[in-house]
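The values are calculated or read from the model by the stated rules, or taken from the named source; none is laboratory data. Just so we're clear, the structure is a prediction, and the values are computed from it rather than from any experiment. For neighbour counting, all protein chains shown are included, and Cβ atoms are generated from backbone atoms with ideal geometry for every residue, glycine included.
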Amino acid sequence: MPTIKSRLRKPQPAPHTLSLADLFEQQRHQDLLRFITCGNVDDGKSTLIGRLLWESRHVFDDQLRDLQIDSKRHGTQGNELDFALLVDGLTAEREQGITIDVAYRFFSTPRRKFIVADTPGHEQYTRNMVTGASTADVAVLLVDAQRGVLTQTRRHAYLASLLGIRHIILAINKMDLVAYDRQVFDTIRATFQTVAESLGFQTLTAIPLSALKGDNITTRSANTPWYTGPTLISHLETIEAPRSSGDKTVFPVQWVNRPNADFRGFSGTLASGELALGDQVRITASGQTAKIARLLTVDGDQPKASAGDAITLVLDQDVDVSRGDVIARADQPLEMTDQFEATLVWMADEAGLISRTYDLKLATQWAAASITTLKFRVNVNTQAHEACRQLRLNDIVVANLALSKPLVFAPYAQSQTLGGFILVDPFTQATVAAGMIRHNLRRAQNVHRQALSISRIDRERLNGHTAKVIWFTGLSGSGKSALANALEKELHAQGKRTYILDGDNVRQGLNKDLGFTDADRVENIRRVAEVAKLMMDAGLIVMTAFISPFRAEREMARQLIGEDNFIEVFVDTPLDICERRDPKGLYKKARSGLLPNMTGINSPYEAPEQPALKLDTSDLDIEMTVKHLMALLLNNR
């Protein structure tokens, strides 16, 4: 770390000198406020934070020297210091003069400690604003006095509301560029108040500022004699904005701590509530109960713990607990669900589709999840509800989601820990959406699995063979249906019980309501995978002949059916051969523009990376190919 020589002094009388030890002791007893700066690009967010660091004397000599050099190289203020460079640390940010990533800065005043997140204003980086807002108590929403309230202003206000921020400071910045005109200030304030009426903010304080000049930052500006409200720093020092962490005790297990055979503890951060020695606790998923025998922190054994404490619990008896479990007080049970309604903020360039499978992380819990219904998209300008069939970057939608297994949950309004989640692409591991649970779906409580007396093993024993799903995938005209049909004839001749699910046949009945958009293709494969699983459970050898163009849906089918039961066969016939065959005339229609979603022409095909078998039917020898398939099936019994 750089050596701290002295703090940069403001041009005003210095306060009483404090030793470093006294300063740390003073800060130790101060409370902490987390806030974000948000708003449209170029509204002055980074400059404002830089000014706050300057005014609170958190710019050191070595930082000042670097700032002077950087201001000459990258700055936008001529010979003056560019305070934004104190925050914009990425090279790309300095070259473009914009904020890209979330930058966190700590500073303090004699009355309070602060952590501020400088969030990007560009629409394409809205996902980073969500990250910063998720832990904030207050939002400082900047508006350029020359441009007024813009779409991104409205979007950030709506997101702040969704993420539980109830206190907004409307920082009407760059007042120096409009000659500190009161009418400009009043007009912008009135416009935003209309926007905020339905967003549920508890307080809304508008302050006229010039972050560059320092007006109304720490002292009342002589340039705005008509303004009688607080300065920005005094309001931040006095605003009371406690975030409700929920009434119930919630302890997500992050790690099973087993350093030796004599110790077994469960480590994590107590998200809400309190725990004490002797408390009876419940492991929510299993329903097992035990008492707390020891409660450890970094300072050793403690009698109790409060929300926010990092702790390790030792229980008085052995119970099955692993990472992802949620522990609660036995007298405050938590709920579980596998279906809920949520608000989603889509963060990926790739479209979000109904029925596509994603990985969902809720607290420390993971499950596969899919969007079952898109109810509506929110228009951030009017807050109107609009119909939608898929999600695009920065869309805010209300949707129903279904999980592969029940998870512990609570509505986001009651618990950010058990109500806030992310969706992750299982292939790229990129976060594609942030979500806030609105409520459980009643159907999740009304539907229960029925135990059956006859199992798949019983049916396989009766049939005399194991059940499998052979998944043929490839372009139209590659020979999938011909191969599946030839294989079924051979299996049938050997007395095996089989069935073919063919793409065209299924679309004449079960899936006749689906088209050929990406969203419809995803739902088509989801339904086929579910039917194939049921047929396999009946003891059949099932063959599916579908283009199934997307890797994600084939992987969904594999996970649903089971790795040991799923045999992927890639019919890797070149496009020119498939197009030459064109048995249904589809390629001809696509080339003439009559078929807009033809796989291989104007819609993508994602080839399998590791199929069980790859076949090229350019010179099709059915008999030899069937032998290869029979050998593959024999090896996968």
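Against the definition (assigned to a loop (DSSP other than H, G, I, E, B) and either farther than 29 Å from I371 by Cα or in contact with a Pro (Cβ under 8 Å, 6 or more places away or on another chain) (or both)), how does R554 come out, yes or no?
When the stated conditions are applied, R554 does not pass them.
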Fill in the blank from the handout: Exception for D513 within (1) surrounded by fewer than 20 Cβ atoms within 10 Å (Cβ to Cβ); (2) more than 40 Å from the chain's Cα centre (by Cα) falls at (2)
Exercise for the section: Would you mention how many residues in the range 592-606 are touching a Lys or Arg at 6+ places or on another chain (Cβ under 9 Å), surrounded by 14 or more Cβ atoms within 10 Å (Cβ to Cβ) and either more than 15 Å from L475 (Cα to Cα) or not polar (S, T, N, Q) (or both)? Expected result: 4
Practice task
Take K489 and decide whether it is basic (K, R), in a loop (DSSP other than H, G, I, E, B) and modelled with pLDDT of 90 or more.
Solution key: no
Practice task
Determine which single condition S548 fails, assuming it passes every other condition in (1) at pLDDT below 90; (2) closer than 22 Å to A351 by Cα.
Solution key: (1)
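Only one residue in K589, K614, K627 is in a strand (DSSP E or B), surrounded by fewer than 19 Cβ atoms within 10 Å (Cβ to Cβ) and either in contact with a helix residue (DSSP H, G or I) (Cβ under 9 Å, 6 or more places away or on another chain) or free of Cβ contacts under 8 Å to residues at least 60 places away in the same chain (or both). Which one? Reasoning before the result, please.
Working: K589 fails: in a strand (DSSP E or B); K627 fails: in a strand (DSSP E or B).
Only one candidate qualifies: K614.
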Practice task
Check the range 465-474 and report whether any residue there is within 24 Å of D338 (Cβ to Cβ), touching a strand residue (DSSP E or B) at 6+ places or on another chain (Cβ under 9 Å) and modelled with pLDDT of 90 or more.
Solution key: yes
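List the strands (runs of 3 or more DSSP E) inside the range 359-448, counting only whole elements, that have at least 3 residues being without any contact (Cβ under 8 Å) to a residue 60 or more places away in the chain and under 28 Å from E555 (Cα atoms).
Once the strands (runs of 3 or more DSSP E) in the range 359-448 are filtered for at least 3 residues that are without any contact (Cβ under 8 Å) to a residue 60 or more places away in the chain and under 28 Å from E555 (Cα atoms), what remains is 365-378, 396-409.
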Handout entry: Search result, residues across the range 277-321 that are in contact (Cβ under 8 Å) with a residue 12 or more places away in the chain, exposed (fewer than 13 other Cβ atoms within 10 Å of the Cβ) and more than 22 Å from L32 (Cβ to Cβ)
Key = G278, Q280, S286, P303, D316, Q317, D318, D320
Problem - strands (runs of 3 or more DSSP E) contained in the range 231-340 and holding at least 3 residues out of contact with any Asp or Glu (no Cβ under 8 Å at 6 or more places or on another chain) and of a type outside the set (F, W, Y) - result: 255-260, 263-269, 274-276, 310-315, 326-329
Problem - Given (1) at negative phi; (2) at pLDDT 90 or above; (3) touching a helix residue (DSSP H, G or I) at 6+ places or on another chain (Cβ under 8 Å); (4) buried (at least 18 other Cβ atoms within 10 Å of the Cβ), number of the condition M535 does not satisfy - result: (3)
Fill in the blank from the handout: Apart from one, (1) aliphatic (A, V, I, L, M); (2) assigned to a loop (DSSP other than H, G, I, E, B); (3) touching a residue at least 40 places away in the same chain (Cβ under 8 Å) all hold for I188; the odd one out is (2)
Exercise for the section: For D572, indicate whether it is in contact with an Asp or Glu (Cβ under 7 Å, 6 or more places away or on another chain) and assigned by TED's automatic domain parsing to the domain that holds D621. Expected result: yes
Handout entry: Which listed residue, of E274, E237, is surrounded by 15 or more Cβ atoms within 10 Å (Cβ to Cβ) and of a type in the set (D, E)
Key = E237
Completion exercise
The condition of being under 30 Å from K248 (Cα atoms) and at pLDDT below 95 holds, among D331, D349, only for D331
Exercise for the section: Return the total of residues in the range 192-213 being surrounded by 15 or more Cβ atoms within 10 Å (Cβ to Cβ) and over 29 Å from E55 (Cα atoms). Expected result: 3
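Among the listed residues G164, G148, identify the single one that is in a loop (DSSP other than H, G, I, E, B) and closer than 20 Å to L232 by Cα. Walk me through it before giving the result.
Numbers: G164 fails: closer than 20 Å to L232 by Cα.
On inspection, the qualifying residue turns out to be G148.
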